[in-house]
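Engineer: Here's a structure for you.
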Amino acid sequence: MSTSGSLSADEQKLAELGYKQELRRGWSGFSNFAISFAIICILAGCFTTYGQALKNGGPIAISIAWPLISVMILFVAWSMSELASAFPTAGGIYYWASRLGGAAWGWFTGWFNLIGLVAVSASVIYVSATFLMYTLGLYDVHFVFNFAKAAAGTNLHYTAHVNFALFGLILLLDIFINVFRGQLVAFLYNISVWWNIVGVLAIVVLLIAVPSHHASFSYVFGHKANESGFSGGTVNAAKFWIYVLPLGFLLTMYTITGYDASAHLSEETRGSEQSSPRGIWLSVFYSAVFGWIVLLAITFAIPHAHETEIYKAAYPAVTIIETALTSSAAKAVLLISTIGQLFCGAACVTSASRMTFAFSRDGAVPGHNLWRRLNHHRTPTWAVAFVAVFALIITIPAYFPNHLGSPVAFLAVTSISVIGLYIAYTIPVFLRWRMGERFQRGSWTLGKKYKWINPIAVVWVGLCVIIFSLPFSPEGEPWEKGFTWNAVNYAPLVTIGLIVAVAIWYFGWARKTFKGPIRTVDELDVEQSLPAIAEAP
């Protein structure tokens with residue numbers, strides 16, 4: 001594209017930010033919302049991390065904590081929406097921090113964002129492999145692997161190895177999907193929105209109509225539980241409230257994440273100055289509402305006779321569904337959830353690949369000339385491969401089973417994604433708050449409300465980063481007698497290790513060459529295009 005000719009309003013805005021239109025701008029505002037909604041995917045997070053809340057807090061960590069934490073997440077989303085309107089670029093968060101704080105802020109924000117996006121892709125695709133393996137076993141499908149035997153859990157090593165192999169196959173499928181033309185990928189995510197909504201409604205109806213027994217209101221909104229292993233399982237000690245219950249917040253924080261995708265796809269979205277910010281906060285809002293509905297349905301369906309079995313299960317939501325529903329209804333629910341998770345994994349790779357492309361476009365990623373290449377569909381094929389390979393690498397610990405039978409590796413990867421993404425989300429929010437009235441707003445703005453919304457978002461994320469860096473069980477505490485590396489929450493180790501490496505890299509070399517976003521469009525070309533924009537009807 002030549003910027004010396006007539007530009008659309010979106011292309012003009014992008015040119016003013018320093019970039020020429022390279023990606024194909026074919027996404028609608030609904031498609032922009034759809035990808036964030038697909039990544040949040042309540043059919044994924046609400047089923048896969050349900051046990052983290054149930055075991056660390058009990059039903060109150062779901063029924064009460066979910067809506068309260070969702071409000072805190074909305075503060076983050078609204079803060080990001082204002083920035084997305086002002087700077088609608090594929091680099092999104094990294095670009096915001098660079099413009100508001102300088103190259104160093106952009107460098108570290110970009111790496112936190114990239115680490116988080118790769119981790120969330122890994123965690124979603126890995127657990128979708130787990131659910132697919134189990135669901136195929138229920139349908140008695142034996143394709144390549146003996147899924148029924150793996151699902152039975154009779155051999156932990158066998159199960160872990162089969163699960164990891166299936167994880168690799170789904171990664172390959174997601175690479176294949178993401179190299180297609182952007183409009184086809186957008187159409188896929190449009191379908192995923194309706195799959196999530198209709199799927200949730202179908203699941204809720206089944207969980208209301210089929211079970212012969214439902215839990216009481218007082219149980220769902222008042223019962224506490226502590227299956228973490230800490231404090232001997234008591235729910236009355238102070239440690240329950242300040243340590244165990246907060247560990248259960250991972251359900252909400254992990255489920256409602258990845259909505260920065262609307263920002264990363266802004267260069268492919270029409271009317272991005274309004275569409276991207278709306279995609280960010282609306283995806284959070286609707287996911288919070290529908291997510292709460294399905295979580296309440298699951299929790300009310302807990303059968304009293306199987307309560308102990310449910311609390312001990314690796315994935316309690318699955319056990320609730322199997323014990324509360326008929327065989328055919330349980331199969332239907334798990335199939336709906338699994339397909340939703342597969343949509344989610346593909347969308348995660350799309351978002352992460354756009355971030356990789358944008359960060360590489362500005363020379364921040366080793367081998368950047370390769371990762372920024374576009375195929376004939378004008379999609380970043382090599383960036384897609386980059387995301388898939390590193391998602392595979394950080395999930396390698398999951399190949400080795402945990403003797404407790406709990407998905408510690410999955411929880412660790414989810415923690416990495418939450419820590420990385422939310423730190424990246426709030427760095428530019430802090431910088432925007434610090435800038436105050438000097439900030440040049442876009443067409444979507446918080447007005448004066450930024451003065452209290454921004455700091456609330458930053459403080460909340462700071463607390464969550466601390467919480468999700470803590471051990472999930474006593475066996476993961478190095479100072480305990482029963483310590484084992486298989487129970488370690490390696491999220492802080494990976495995150496801190498990578499950031500230390502990135503810091504050494506930046507201060508030792510990169511700061512001499514990395515100056516932040518690189519202009520790919522000449523200012524003179526932008527000026528020459530202004531008359532054409534003015535003459536446009």
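Engineer: For a 29 Å ceiling on Cα separation, which of these pairs sit above it: K13/K449; K239/K451; K13/K515?
Structural biologist: Working: K13/K449 25 Å; K239/K451 33 Å; K13/K515 22 Å.
Over 29 Å apart, Cα to Cα: K239/K451.
Engineer: Using the alpha carbon gyration tensor of segment 302-418, what are the three equivalent-ellipsoid semi-axes (square root of 5 times each eigenvalue), largest first, in whole Å?
Structural biologist: Values for segment 302-418, descending: 39, 18, 10 Å.
Engineer: First measure r as the distance between the Cβ atoms of T484 and E16, then evaluate 1/(1 + (r/R0)^6) with R0 = 51 Å and state the FRET efficiency to the nearest 0.05.
Structural biologist: About 0.40, to the nearest 0.05.
Engineer: Follow-up. What nm value, rounded to one decimal, do you get for the distance between F400 and R373 when each label is placed 7 Å out toward the C-beta?
Structural biologist: Modelled inter-label distance: 3.6 nm.
Engineer: In vacuum, with every alpha carbon of the chain counted as one equal point scatterer, what does the Debye formula give for log10 I(q)/I(0) at q = 0.05, 0.09, 0.11, 0.13 Å⁻¹? Two decimals, please.
Structural biologist: -0.19, -0.62, -0.92, -1.27
Engineer: Place a label point 7 angstrom from the Cα of V71 along the Cα-to-Cβ direction, then list the residues of segment 412-453 whose backbone nitrogen is under 15 Å away.
Structural biologist: The answer is 453, whose backbone nitrogens lie closer than 15 Å to the label point.
Engineer: Could you pull the accessible area for K512 with a 1.4 Å probe, rounded to 10 Å²?
Structural biologist: 140 Å²
Engineer: Among V162, S328, V289, which residue has its Cα positioned farthest towards the positive end of the charge dipole of the chain, with +1 placed on the Cβ of Lys and Arg, -1 on the Cβ of Asp and Glu, and the dipole taken about the Cα centre?
Structural biologist: Selected residue: V289.
The values are calculated or read from the model by the stated rules, or taken from the named source; none is laboratory data. Everything quoted here is computed from the prediction, not taken from an experiment. Backbone-built Cβ (ideal geometry, glycine too); neighbour counts: all protein chains shown. Ligands, DNA and RNA are excluded from the accessible area calculation, which covers all protein heavy atoms including side chains. Shrake-Rupley method; radii C 1.70, N 1.55, O 1.52, S 1.80 Å.
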